């Protein structure tokens, strides 16, 4: 389960990121609570979520081009430094009592622009840290474990800090947490092998090449489309959690921490389950099953108003979504050409995070009209429909992916197993 940690660079990346991401989840939880405390508006919760994620939708594909043209290691040092500055600015405004909803929206917009470059760079950078590409799937699953360990700890810490000192110190903690990943990146021993693709072709030509590759290849296209649907109608459930905590369950910041932590717990379990898998084979059929599980968890959560019963449903939903996302990431990273990896991951992040802001706006508006429970119910039903569609695509996806797996040697173990079975079926000579 931990075999990717034998690589020094990956260990540094893993350790730095888990500290930084815990701070990120602390800030996300504190931001949601601060917005709801200042405004009491479900619509403005959606607006803030939109501001933080919309830049990924606009810039994601172009950021992917830059990831393929620039040095990914240096790019990550820059994006993490900018994120640290944004967190300190948010902390300063909050601690001095000058924070307004306008400040929050603008700073979230700045962070969204940084994330548009940081996330595809981070995803594409992982493959440079793993010397044996057979361990790539394990590294991606451990990445997901790292994200969700932070997701589990962050909201719980945020709930305690908000209750004790207020939201400002949450942002301050997040700012200092970025030092861990910046120091880890600077200590890495990176071989500068990446060639600037801009010397060969122009940016527009690279964009068109990446677009044709991503959406002309059925497996990549189907995975990206399903993730976009789920991010649009399912993922914005997190935007509504302050409303559930304050009105449905009649609690406070601790209740919000429990709800966010429950989702993180399920996601961590899902990531660890994937990390224990030995091969990428079989992930195709896991993707729609996990998507259906996510949808079912949202539906069940939307139908209950009892906190102790709602938390297990969020664990199920978190498990399903994380397995779908990490399995999708692993399959795409395995089958794409390395020189197009940044651009494909740009489209991937556009589908994952770029559609979520529109979902946040839709969820906020629907919640104001229909209530948060009905809004989540509709989202869960749409996720189930998406899972059914992808399941019908599976035969064609398998046919397209199989030659790549054979070329990479991934199916060699299957062929060897069949050969050994055939040998065992032959009676020994007397």
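The values are calculated or read from the model by the stated rules, or taken from the named source; none is laboratory data. Only a predicted model underlies this, so the values are computations on that prediction, with no experimental measurement involved. So basically every Cβ, Gly included, is an ideal-geometry build from the backbone, and we count neighbours across all protein chains shown.
Scanning the range 150-179 for residues that are closer than 29 Å to residue 70 by Cα, at pLDDT 80 or above and surrounded by 20 or more Cβ atoms within 10 Å (Cβ to Cβ) yields 174, 175, 177, 178. Only residues that are assigned to a helix (DSSP H, G or I) and surrounded by 21 or more Cβ atoms within 10 Å (Cβ to Cβ) were counted across the range 266-282, and they come to 7.
Is it the case, given these coordinates, that residue 21 is more than 17 Å from the chain's Cα centre (by Cα) and either at pLDDT 85 or above or surrounded by fewer than 24 Cβ atoms within 10 Å (Cβ to Cβ) (or both)? Let's see the steps before the verdict.
Working: more than 17 Å from the chain's Cα centre (by Cα): no; either at pLDDT 85 or above or surrounded by fewer than 24 Cβ atoms within 10 Å (Cβ to Cβ) (or both): yes.
No; evaluated as a whole, the condition is false for this residue.
Residue 16 meets the stated requirement of being within 18 Å of residue 149 (Cα to Cα) and modelled with pLDDT under 90.
Tally the residues that are free of Cβ contacts under 8 Å to residues at least 24 places away in the same chain and buried (at least 16 other Cβ atoms within 10 Å of the Cβ), restricting the search to the range 367-410. So the answer is 1. The one condition from (1) assigned to a loop (DSSP other than H, G, I, E, B); (2) free of Cβ contacts under 8 Å to residues at least 60 places away in the same chain that residue 311 does not meet is (1). Flag: residue 147 matches the condition of being buried (at least 20 other Cβ atoms within 10 Å of the Cβ), assigned to a helix (DSSP H, G or I) and modelled with pLDDT under 75.
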